[in-house]
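Right, one structure below, let's go through it.
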């Protein structure tokens, strides 16, 4: 029986995979990585995408081919390249063929985010990197679902919920469009441009919070940096917009409001 890998072994694996993903020819190197058997050893969740669409009663796109295309579209930044590689892994455990012949992947983004967190833990990623990648995997579908009839309120909610990952989610959603149908591609590009324009217009109206408030929330409520802190900030911005807090509240005012309504956001 082979011994379990040590933390140093895993660090080397993580560094090798990062180097591969950030290379100029990442998609081709991933194919070669698979061909020599290393992908299945290091990332079995990704290996499972290969050929997943074959020998199945329903019809859906080749997830591996799509994944490689999305990887190629991403800027050479670790979090975005990893999100591209992992954004569809949640479709493996969630695929379902309905009686009408339609294939669904219900809540695959959430399943994929949990799988991304497991991979991050296995490879020794920092908490920040793990949550960054998992957040994109879990929430990119909201951007892909955008339609021009969305209300300004819905766009503001999207901005608030995206927190510091807004620009990365916009970048990712644009790169996730790999259709070869010219009509669908034109529509997707039009909607992407529309969403970016409306976000830029509405960002002017997004309430600003005091500098250092995130650290104060982490310390006071004994939280880790991540979703709960974003929930607190989003809750505060919502209440500023609604007029329940002053336009430029102090840190003390924000903390008092959070402490009084902890059950509403935590």
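The values are calculated or read from the model by the stated rules, or taken from the named source; none is laboratory data. Since we're looking at a predicted model, the values are computed, not measured. Positions of Cβ are backbone-derived with ideal geometry, glycine not excepted, and every protein chain shown enters the neighbour counts.
When you scan region 171-187, do you find a residue that is surrounded by fewer than 17 Cβ atoms within 10 Å (Cβ to Cβ), at pLDDT 95 or above and in contact with a helix residue (DSSP H, G or I) (Cβ under 9 Å, 6 or more places away or on another chain), even just one? Among the residues of region 171-187, not one is surrounded by fewer than 17 Cβ atoms within 10 Å (Cβ to Cβ), at pLDDT 95 or above and in contact with a helix residue (DSSP H, G or I) (Cβ under 9 Å, 6 or more places away or on another chain), which makes the answer no. Taking the condition touching a residue at least 40 places away in the same chain (Cβ under 8 Å) and under 10 Å from the mean Cα position of the chain (by Cα), does residue 137 pass? Yes, satisfied. Suppose the filter is assigned to a helix (DSSP H, G or I), in contact (Cβ under 8 Å) with a residue 40 or more places away in the chain, more than 18 Å from residue 264 (Cβ to Cβ) and outside the structural domain of residue 134 (by TED's automatic domain parsing); does residue 198 pass it? Yes, satisfied. The residues listed here are 202, 195, 258; of these, the one that is surrounded by 11 or more Cβ atoms within 10 Å (Cβ to Cβ), closer than 25 Å to residue 168 by Cβ and modelled with pLDDT of 90 or more is 195.
In region 91-122, the residue that is nearest to residue 172 (Cα to Cα) out of those that are in contact with a strand residue (DSSP E or B) (Cβ under 7 Å, 6 or more places away or on another chain) and surrounded by 18 or more Cβ atoms within 10 Å (Cβ to Cβ) is 91. Residues of region 155-192 that are farther than 28 Å from residue 227 by Cα and in a helix (DSSP H, G or I): 182, 183, 184, 185, 186, 187, 188, 189, 190.
Restricted to region 1-114, the set of helices (runs of 4 or more DSSP H) holding at least 3 residues that are touching a helix residue (DSSP H, G or I) at 6+ places or on another chain (Cβ under 9 Å), in contact (Cβ under 8 Å) with a residue 24 or more places away in the chain and under 22 Å from residue 141 (Cβ atoms) comprises 63-73, 78-86.
A count restricted to region 140-157 and to residues that are surrounded by fewer than 20 Cβ atoms within 10 Å (Cβ to Cβ) and under 18 Å from residue 84 (Cα atoms) stands at 4.
Checking each residue in region 214-266 for being without any contact (Cβ under 8 Å) to a residue 12 or more places away in the chain and part of a helix (DSSP H, G or I) picks out 215, 218, 219, 252, 253, 256, 260, 263. In this structure, residue 148 does satisfy being touching a helix residue (DSSP H, G or I) at 6+ places or on another chain (Cβ under 8 Å) and not in a helix (DSSP H, G or I).
Within region 177-195, identify whether any single residue is within 30 Å of residue 256 (Cβ to Cβ) and without any contact (Cβ under 8 Å) to a residue 12 or more places away in the chain, and answer yes or no. No, region 177-195 contains no residue that is within 30 Å of residue 256 (Cβ to Cβ) and without any contact (Cβ under 8 Å) to a residue 12 or more places away in the chain.
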